[in-house]
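None of the figures in this text is laboratory data; all of them are computed from the coordinates on show. The model shown is predicted, which means the values in this text are computed figures rather than measured ones. When we count neighbours, we look across all protein chains shown, and the Cβ atoms used for this are built from the backbone with ideal geometry, even at glycine.
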Ligand SMILES: Nc1ncnc2c1ncn2[C@@H]1O[C@H](COP(=O)(O)OP(=O)(O)OP(=O)(O)O)[C@@H](O)[C@H]1O
Ligand SMILES: [Mg+2]
């Protein structure tokens, strides 16, 4: 059993229009997802822009209001609880944002940025604070002289590492990482991912790793949820998703990973065209008449796919 359960989570944003600014419709940003989070595991949340990934992360941590559904942390209902700065939940679930330029206050020094979440929970003397922040900087491979610099004095990759150090400062059980490396170039991406992996090995933290790219998360994730229009189209472990994808949308995301092998490039292109053809031809197999994703059905103990009920029954 995991330490966190997310049950039938929905986040609907009202759309207002007209002279009276009445609510005329809703954006179903998240529309009924379930997730169980176990200790020390990494969960990938992957889908195209606008599929609702960030909304999932923000609503779990309390930055976005949950319309319906429940979030449990160690058996306690934490759904829409006004998050007290000093509550255990707040300490144990942290978030890293995609855009560290706007999420880290540029007018604050590194020591203040990293120690801020610590200050809410521990009474450290100034010396202890410096020691602790230095340890954290070391964990993410930053030099000690970073301590008194300002966030804007660093490169994107360095800022992202400061964000990681800040998130691990309180020794949380879950870190929600929203596209933590998307803004970085490939070599720096690998560095930051390696630090995140090492931190996981040392502290047994779990990650909810949000990305639009199945290529980036491949080496990070134990389990993956593929998201489309606020729903999961497929859920499974790494093998299920990469070696045995069942939903056409998952296949599409996989075929979008660029092939680096020049020999296979032509075959890759063929495969990609084939997936695109199936995607346009067989819509009704994967989406109901309103274009909504079907409910997930189990294929195996670990693997779930959202297929049309009659297709799901007959196996694949
Ligand atoms: N505050 C808001 N008010 C109204 N609609 C919103 C709000 N925030 C997000 N949305 C809408 O909800 C949907 C999901 O947005 P979300 O940011 O979760 O997507 P995402 O998967 O994180 O996309 P991206 O990959 O571009 O970051 C989108 O259609 C978006 O326009
Ligand atoms: Mg997002």
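With both labels modelled 7 Å from their Cα along Cα-to-Cβ, the residue 290 to residue 74 distance reads 3.9 nm. For helix 110-119, what angle does its Cα long axis make with the longest principal axis of the chain, in degrees from 0 to 90 and rounded to 10? It works out to around 80 degrees.
Ordering 241, 210 by the number of other Cβ atoms within 10 Å of each residue's own Cβ, fewest first, gives 210, 241. Is the shape of the chain best called rounded, prolate or oblate, per the rule: a/c under 1.5 gives rounded, else a/b larger than b/c gives prolate, else oblate, with a ≥ b ≥ c the square roots of the Cα gyration tensor eigenvalues? Prolate shape, in that a/c is at least 1.5 and a/b is the bigger ratio. One Cα centroid belongs to the stretch 12-70, the other to the stretch 264-300; the line between them spans 24 Å. The calculated 222 nm mean residue ellipticity attributable to helices in the chain amounts to -10500 deg cm²/dmol, summing -39500 (n - 2.57) over DSSP H runs of n ≥ 4 and dividing by all residues.
In terms of other Cβ atoms within 10 Å, 124, 254, 208 run from fewest to most in the order 124, 254, 208. Comparing 65, 108, 290 in a Gaussian network model of the chain, where Cα atoms under 10 Å apart are tied by springs, the biggest mean-square fluctuation is seen for 290.
Available extension along the chain between residue 279 and residue 130 is 48.1 nm, counting 0.36 nm per residue and deducting the alpha carbon span. Between residue 49 and residue 7, the distance separating the two model label sites (each 7 Å from Cα on the Cα→Cβ line) works out to 3.7 nm.
As a proxy for reagent exposure, ranking 285, 173 by other Cβ atoms within 10 Å from fewest up yields 285, 173. Rounded if a/c is under 1.5, else prolate if a/b beats b/c, else oblate: with a ≥ b ≥ c from the C-alpha gyration tensor eigenvalues square-rooted, which is the stretch 62-221? Since a/c reaches 1.5 but b/c is at least a/b, the shape of the stretch 62-221 is classed as oblate. You can think of it this way: the chain between residue 201 and residue 302 has 34.0 nm of extra reach, that is 0.36 nm per residue less the Cα-Cα gap. Could you tell me which of rounded, prolate or oblate describes the stretch 191-297, using a ≥ b ≥ c as the square roots of the eigenvalues of the alpha-carbon gyration tensor, with rounded for a/c under 1.5 and, failing that, prolate when a/b is larger than b/c and oblate otherwise? Since a/c reaches 1.5 but b/c is at least a/b, the shape of the stretch 191-297 is classed as oblate.
Please work out the FRET efficiency for the pair residue 15 and residue 194, using the Cβ-Cβ distance as r and a Förster radius of 51 Å; give the result to the nearest 0.05.
After rounding, the FRET efficiency stands at 0.75.
Calculation over all alpha carbon pairs of the stretch 247-316 in 10 angstrom steps from 0 returns a P(r) of 19, 41, 28, 12, 0 percent.
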